[in-house]
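Visitor: So that we are looking at the same thing, I have put the structure below in structure tokens.
Read the figures in this text as sums done on the coordinates, not as results from a lab. Bear in mind the structure is a predicted one, so any value in this text is a computation, not a measurement. Cβ placement follows ideal geometry from the backbone for every residue including glycine, while neighbour counts extend to all protein chains displayed.
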Amino acid sequence: MSQTQVPEPLVTSEATHGEPLVSVENLTKHFPVRRGIIFQRQVAAVQAVQDVTFSIYPGETLGLVGESGCGKSTTARLIARLLNPTSGRIVFDGQDITKLSSRRMRPFRRDIQMIFQDPYASLNPRQSVGQIIGAPFAIHHTEGDTRKRVRDLMDRVGLNPEHYNRYPHEFSGGQRQRIGVARALALRPKLIICDEPVSALDVSIQAQILNLLEDLQDEFNLTYLFISHDLGVVRHISDRIAVMYLGHLVELATADELYERPRHPYTAALLSAVPKGRAGARVTNRIVLQGDVPSPVNPPSGCPFHPRCPKARLVGNGEVPENCRNELPPLGEVETNHVAACWYPLEPGEELERMAHA
Ligand SMILES: Nc1ncnc2c1ncn2[C@@H]1O[C@H](COP(=O)(O)OP(=O)(O)OP(=O)(O)O)[C@@H](O)[C@H]1O
Ligand SMILES: [Mg+2]
């Protein structure tokens, strides 16, 4: 393994110090679609993640948002090396881990942990909480008094250590997510990938789990990749936010900047759907996008968002401009510390209501 060069950050914030903990460069994942009963032929590919580049800095929380199917979980699983990329590179802590064998990946597995949306589905119902939280110690053959460490972890995440022998079904949804957090924390990872960790929980419980995650981040100097389809959830926890659409990274900025001055029409539309008053959402006019998200098996030419883009229609007087239809816009700087992949990014504060009726 050799030390690897990583590119300069596209967007810096107060949290982007030093060398990134994780960088993905031109990360791409295509899932083959096969047909045929005996001889399975590959007939197409799901373009789940397409040429995505970003970094996450030590101690930072990078929010990753976008609609269902845009490639968030696939990106997460590629970083955790639970999937192999079709192309591109993953650098973790200065080491290129893109092609490491499972044996050489082993030390990194401790450093990269995941928390999932549905703790119930990710917790073995036949194991006690003590066994679940203690499993990482057993798998990685760590020394020490496992029982005591598990009880300390339970206490730290707000579970009663007396409940060591209880089973997942005896806990509420929020408590089950605390079990998932404790398990992820057990081996003192550097990175925790939180894949929709609060999406299945009531709003009041969501806040408790988000607060817990923030406290743990400070205490253990954790770095988070925090995935959500809900922009209202990621604002407060994120230092910077990346927006994905149909496998592409379409915008990246600091959290405040993204909320106050979204420049990609897709981000503006997503933000306009955040209920008023929640997370300080500024936009009040809901932008209703036409049509559904296209299939990632057969994505549109040019800008992936062009068939639904209200701004493109506005620019072209009802017709989508030629470059939107045919040329993929690069992720470019629209302002210091703010990048967007759009031929006609919104001006800061550009009126959105008219777009809705364009
Ligand atoms: N193992 C797989 N085989 C084939 N296609 C897959 C596989 N995993 C994901 N996909 C497809 O890749 C695309 C991206 O999926 P992904 O789960 O990454 O999206 P997501 O943004 O996490 O969505 P959600 O918000 O619903 O969790 C989708 O079209 C999905 O159907
Ligand atoms: Mg997902």
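Visitor: With a cut-off of 8 Å between alpha carbons and a minimum separation of six or more residues, what is the relative contact order of the chain in percent?
Guide: Averaging sequence separation for qualifying contacts and normalising by length gives 19 percent for the chain.
Visitor: Also: Any chance you could give the angle, 0 to 90 degrees and rounded to 10, that helix 146-156 forms with the longest Cα principal axis of the chain?
Guide: 50
Visitor: Oh, and also: Going by C-beta contacts inside 10 Å, put V250, V43 in order with the fewest on the left.
Guide: Least to most surrounded, the residues fall as V43, V250.
Visitor: Could you please rank D202, D256, placing first whichever residue has the fewest other Cβ atoms within 10 Å of its Cβ?
Guide: D202, D256
Visitor: Helix 203-220 versus the longest principal axis of the chain: what angle, 0 to 90°, nearest 10, using Cα atoms?
Guide: Between helix and principal axis, roughly 70 degrees.
Visitor: Step through the residues of the stretch 302-315 one at a time and calculate ³J(HN,Hα) from phi using the Karplus curve (6.51 cos²θ - 1.76 cosθ + 1.60, θ = phi - 60°), rounding each to whole Hz and writing x for Gly and Pro.
Guide: x, 6, x, 8, 4, x, 10, 7, x, 5, 4, 5, 5, 5
Visitor: Rounded, prolate or oblate: which one fits the stretch 70-210, using the alpha carbon gyration tensor with axes a ≥ b ≥ c (rounded when a/c is under 1.5, else prolate when a/b beats b/c, else oblate)?
Guide: oblate
Visitor: Where does the chain land at 222 nm, in deg cm²/dmol rounded to the nearest 500, when only DSSP H runs of n ≥ 4 count, each adding -39500 (n - 2.57), divided by all residues? Write out the running numbers ahead of the final one.
Guide: Numbers: 13 runs with 111 residues, N = 358.
Mean residue ellipticity, 222 nm, calculated: -8500 deg cm²/dmol.
Visitor: List the residues whose amide H sits under 5 Å from the amide H of V297, counting only those 5 or more places along or on another chain, with H placed 1.01 Å from N in the peptide plane.
Guide: Q47
Visitor: Please arrange L249, L289 by counting, for each residue, the other beta carbons lying within 10 Å of its beta carbon, fewest first.
Guide: L289, L249
Visitor: So what's the angle, to the nearest 10 degrees on a 0 to 90 scale, between helix 129-139 and the longest Cα principal axis of the chain?
Guide: Its long axis makes an angle of about 90 degrees.
Visitor: Quote the charge dipole size of the stretch 126-180 about the Cα centre in Debye, to the nearest 20; the model charges only the Cβ of Lys and Arg (+1) and of Asp and Glu (-1). Please list the in-between numbers first.
Guide: Working: 9 positive and 6 negative charges, 25 e Å.
With Lys and Arg at +1 and Asp and Glu at -1, about 120 debye.
Visitor: Give the total of Lys-Lys pairs in the chain with Cα-Cα distances below 30 Å; include a pair only if its members are 8 or more places apart or on different chains.
Guide: 11
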